[in-house]
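Q: Here it is, the structure, as structure tokens.
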Amino acid sequence: MESSVGFEPKIVAFLCNWCTYTGADLAGVSRIQYPSNVRPIRVMCSGSVDPMYILKALLDGADGVLIGGCHGGDCHYVNGNYKARRRIAVLREVLDELGIGSERVWFRFISASEGALFADTVKEMVDSLKSLGPNPTKAMWIT
Amino acid sequence: MTPAMNNLVMPVGEEGKAKALSGFLARLLELGVVDSMVLPVMTVPGIMTYLMARDPELIREKAEPFAAVMPVNAGSPVARTVSKKPRGRIGALLKPCEVRALVELVKLKQASPDNLLIIGIDCTGTVDRNEYKKAYPDTSHLDLREACKVCLNPSPPDTAFPGINIGHIGLDDEDALLVSLSTGLDPGVAAVVEELGFESDGSLADRRRSAIAALREERDCAHREFFLNSRAEQNGGGIESIARLLAACTGCRNCRVACPVCYCRECIFDGDVFDYETRQLLRRADRKGGIKIPGDTLLYHLTRMNHMSLSCVACGMCQDACPENINLFSLFARVADRTQSLLEYVPGRSQEDALPFTTFREDELEPR
Ligand code: SF4
Ligand code: SF4
Ligand code: FES
């Protein structure tokens with residue numbers, strides 16, 4: 001098991017092409033400093049992220065999963081983000097009921113122009129995951 | 001709100017309730033109300049199955065409408081009989097959890113409701129089918145299945161289908177069964193049933209209603225206790241405790257096949273996605289020191305919960321199907337209870353309630 005001292009959480013981020021992914025890109029081009037713990041995966045819409053992919057990352061040892069979508073009303077596919085919100089809320093209930101806990105799953109609406117918000121979100125998430133400690137699934141082979 | 005129902009009383013003669021009800025179902029087939037009738041029968045002594053009958057005599061002879069066994073949740077095989085928009089109409093005698101599963105499948109567009117005449121029947125519980133087989137014909141001492149002991153829906157929902165409900169809870173001492181015709185019932189069907197000359201009577205319906213309320217109250221306590229015990233069994237152990245509870249899973253997928261509302265025609269877990277390359281497996285095993293094979297046990301169960309728990313009708317068939325005797329019902333029922341209350345969804349209640357994942361409200365579930 002990794003020790004929590006000097007622990008750098010790994011975050012798998014599913015980012016919507018039309019908003020958060022571009023926002024993350026903007027953070028980069030604008031040279032806003034943020035921790036390099038994120039492994040971004042570009043998706044066409046937050047609504048296309050099946051909970052299975054979030055679970056897979058968590059069970060494979062990711063310390064956190066960030067899903068980034070467009071703000072309400074701005075989804076390129078009309079309402080994918082609202083549907084994602086339902087799916088992720090259900091995922092949280094599943095994780096909480098089984099005592100796994102849902103603190104490692106973050107869903108944020110971040111637009112293409114909100115580079116700074118993306119950077120702040122990542123910072124905040126890294127801090128929060130550091131205090132949670134490493135995901136126990138990292139060392140579990142019976143998953 | 002309960003819609004107005006036309007409550008009729010089916011008299012029961014010396015031959016008993018099962019024969020009276022079988023006769024009624026055979027009549028419906030004979031009179032052309034349905035083109036066939038699906039109902040539980042005893043195939044060989046001790047073994048129940050469902051029969052799709054064309055011959056009314058077969059119904060009179062073989063039907064076991066009150067047998068307290070559930071070979072499958074018939075909601076899903078019945079859905080499959082009308083999945084391809086057939087002509088004509090299939091009748092089916094179904095238990096409450098089967099009716100509710102069928103409603104979910106209708107909403108998932110896997111059954112065409114216009115081709116169905118659903119005859120729901122009260123159910124006070126069923127016993128394990130293997131124990132039943134062993135003990136037959138002396139089955140009265142058998143314990144109810146876990147799911148049935150805590151079932152809060154012993155009567156079929158009035159709002160599910162424009163059909164017929166057969167009531168018997170609270171009417172054990174009566175030589176009669178209650179036949180309720182729902183308001184939306186096809187007038188042609190209603191006319192045929194009314195022709196049979198059953199008297200109309202509200203008092204039996206009242207008696208049944210209060211007996212159901214009493215049963216629900218009793219079960220409600222058992223239900224709460226069951227959930228508490230199941231949580232206690234996990235003992236706050238987090239993901240490790242869930243992994244331990246599911247450790248015996250061989251990945252046979254019987255639970256998924258038995259589940260009436262696991263709706264995908266092709267399961268993602270059967271496809272290429274999980275057909276890993278050796279190097280992928282090695283990479284994962286490297287990270288963790290090793291991996292269980294066949295693997296993805298938690299991923300499979302948790303994904304299933306995410307996909308279908310909103311429609312879970314708490315029938316317990318998943319647990320019956322598991323060769324490893326894993327306590328799947330308590331896990332799935334607990335999760336379903338949570339997800340259903342989050343989105344205020346009651347599976348199987350009505351075809352009008354939209355499936356929660358097909359809809360949304362702009363102002364809900366915040367903060368995310
Ligand atoms: S998960 Fe189990 S209890 Fe729920 S509907 Fe499926 S088979 Fe029935
Ligand atoms: S039936 Fe039992 S062993 Fe088979 S996949 Fe389901 S939980 Fe695993
Ligand atoms: S397109 Fe960005 S969330 Fe749907």
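The values are calculated or read from the model by the stated rules, or taken from the named source; none is laboratory data. Everything numeric in this text was worked out from a predicted model, so none of it was measured. Cβ coordinates were reconstructed from backbone atoms using ideal geometry, including for glycine residues, and neighbour counts include every protein chain displayed. Side chains included, ligands, DNA and RNA excluded: accessible areas come from the protein's heavy atoms. Shrake-Rupley method; radii C 1.70, N 1.55, O 1.52, S 1.80 Å.
Q: With (1) in contact (Cβ under 8 Å) with a residue 60 or more places away in the chain; (2) open to solvent by less than 10 Å² (accessible area, probe 1.4 Å); (3) assigned to a helix (DSSP H, G or I) as the list, and A:Gly61 as the residue in question, which single condition is left unmet?
A: (3)
Q: Answer with yes or no whether B:Ala333 is open to solvent by less than 70 Å² (accessible area, probe 1.4 Å), at pLDDT 95 or above, within 15 Å of ligand 1 (Cβ to nearest atom) and more than 22 Å from A:Met140 (Cα to Cα).
A: yes
Q: Say we look at segment A:75-98 and pick out the residues that are open to solvent by less than 40 Å² (accessible area, probe 1.4 Å) and not in a helix (DSSP H, G or I); which of these is farthest from ligand 2 (Cβ to nearest atom)?
A: Restricting to residues being open to solvent by less than 40 Å² (accessible area, probe 1.4 Å) and not in a helix (DSSP H, G or I), the top hit is A:Cys75.
Q: Same structure again: With the condition kept exactly as written, say whether any residue in segment B:276-290 is part of a helix (DSSP H, G or I), closer than 17 Å to A:Glu97 by Cβ and open to solvent by less than 40 Å² (accessible area, probe 1.4 Å).
A: No - not one qualifying residue is present in segment B:276-290.
Q: Mind listing whichever residues of segment B:254-277 are within 15 Å of ligand 2 (Cβ to nearest atom) and without any contact (Cβ under 8 Å) to a residue 40 or more places away in the chain?
A: Across segment B:254-277, the qualifying residues are B:Cys267, B:Ile268, B:Phe269, B:Asp270, B:Phe274.
Q: Is segment B:38-49 home to any residue that is touching an Asp or Glu at 6+ places or on another chain (Cβ under 6 Å) and at pLDDT below 95?
A: The answer is yes, given that some residue of segment B:38-49 is touching an Asp or Glu at 6+ places or on another chain (Cβ under 6 Å) and at pLDDT below 95.
Q: Which residue pairs have Cβ atoms under 6 Å apart, sit 6 or more places apart or on different chains, and have a first residue in segment B:285-300 that is more than 7 Å from every other protein chain (Cβ to nearest Cβ) and a second that is at pLDDT 90 or above and within 12 Å of ligand 2 (Cβ to nearest atom)?
A: Short answer, once both residue conditions are applied: B:Pro294/B:Gly251; B:Tyr300/B:Phe269.
Q: Hey, among the residues in segment B:306-330 that are more than 17 Å from the chain's Cα centre (by Cα) and more than 12 Å from ligand 2 (Cβ to nearest atom), which one's most open to solvent (accessible area, probe 1.4 Å)?
A: B:His307
Q: Does B:Pro347 satisfy the condition of being buried (at least 19 other Cβ atoms within 10 Å of the Cβ), over 27 Å from A:Gly68 (Cα atoms) and more than 9 Å from chain A (Cβ to nearest Cβ)?
A: yes
Q: May I pose another question? Report whether or not B:Pro45 is exposed (fewer than 15 other Cβ atoms within 10 Å of the Cβ) and outside the structural domain of B:Gln351 (by TED's automatic domain parsing). Quick ask: steps written out before the conclusion?
A: On the way: exposed (fewer than 15 other Cβ atoms within 10 Å of the Cβ): yes; outside the structural domain of B:Gln351 (by TED's automatic domain parsing): yes.
Spelling it out, B:Pro45 is indeed exposed (fewer than 15 other Cβ atoms within 10 Å of the Cβ) and outside the structural domain of B:Gln351 (by TED's automatic domain parsing).
Q: Say we look at segment A:46-58 and pick out the residues that are open to solvent by 10 Å² or more (accessible area, probe 1.4 Å) and not aliphatic (A, V, I, L, M); which of these is nearest to ligand 3 (Cβ to nearest atom)?
A: A:Gly47
Q: Also, quick follow-up: Testing B:Leu178 on (1) more than 17 Å from the chain's Cα centre (by Cα); (2) over 19 Å from B:Ser22 (Cβ atoms), one condition comes back false. Which one is that?
A: B:Leu178 satisfies every listed condition except (2).
Q: Separate question: Given A:Ser102, A:Ser36, which one is without any contact (Cβ under 8 Å) to a residue 60 or more places away in the chain, open to solvent by 10 Å² or more (accessible area, probe 1.4 Å), of a type in the set (S, T, N, Q) and within 13 Å of A:Pro9 (Cβ to Cβ)?
A: Every option except A:Ser36 fails the conditions.
Q: Which one of these does A:Ala112 not meet: (1) over 23 Å from A:Asp50 (Cα atoms); (2) more than 8 Å from chain B (Cβ to nearest Cβ)?
A: Every listed condition holds for A:Ala112 apart from (1).
Q: Among the residues of segment B:98-131, write down those that are of a type in the set (Gly, Ala, Ser), modelled with pLDDT of 95 or more and under 16 Å from B:Val38 (Cα atoms).
A: B:Ala101, B:Gly120, listed by residue number.
Q: Among the residues of segment B:226-256, which ones are in a helix (DSSP H, G or I), more than 11 Å from chain A (Cβ to nearest Cβ) and either within 16 Å of ligand 1 (Cβ to nearest atom) or at pLDDT 95 or above (or both)?
A: The answer is B:Phe226, B:Asn254, B:Cys255, B:Arg256.
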